[in-house]
1. With no solvent and one point on each alpha carbon, what is the Debye value of log10 I(q)/I(0) for the stretch 60-139 at q = 0.16, 0.22 Å⁻¹?
2. Loop only by DSSP, 16 or fewer other Cβ within 10 Å of the Cβ. Give me the GluC sites (Glu not before Pro) in the stretch 51-137 that pass, ordered by residue number.
3. Once the Cβ-Cβ distance between H74 and T126 is put in as r, and R0 is 25 Å, what FRET efficiency do you end up with, to the nearest 0.05?
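Each reported figure results from applying straightforward, stated rules to the coordinates on display, with no laboratory input. On a predicted model such as this, the values are computed, not experimentally measured, just so you know. Here the Cβ positions follow ideal geometry from the backbone for every residue, glycine too, while neighbour counts run over all protein chains shown.
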Amino acid sequence: MFGLTIWSCPQGNSGSDKSLRGEPAGICGIKTLSCDEFRSSFHPPERTSMKSGEPCVLCEVEAAFNQHHLIPRHCHRKSWWKKRFSKEEMQRTISVCKMCHRTIHNLIPDEKEIGRDYYTIERLKTHPAFANYLAWKRRRLDSGKS
């Protein structure tokens, strides 16, 4: 039977250097879990919107199976964003389709620009190139229905 070794420490010193060199770990402990124990202890967060296949909030054409952070996670630790946005605002996501999500990051590759200038759905839709993309996508859908 295979097992997984978990380094745990109440002070947050997971897998400290002393423990890795074979020295006594002090208050840090080691626990070996079976694969089944590990799987049962891990509960990923529920993502109901991704499972339900709601329409994309941007194009409203395809089912949304991706989450887009309106303020990219890369920016969350930076003081500029901490001063201007609450934690809830920074963690806000929207449900988007794969094509819209890729297009956002292709048209606006700078994550700081996304967080600084396009942190709401309305602002994102006003980006000139992204607005053209949304118009094209809706036209494509309309021509497919005819």
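1. Debye intensities relative to I(0), on a log10 scale: -0.58, -1.03.
2. Those that pass, being in a loop and sparsely packed, are E60.
3. 0.65
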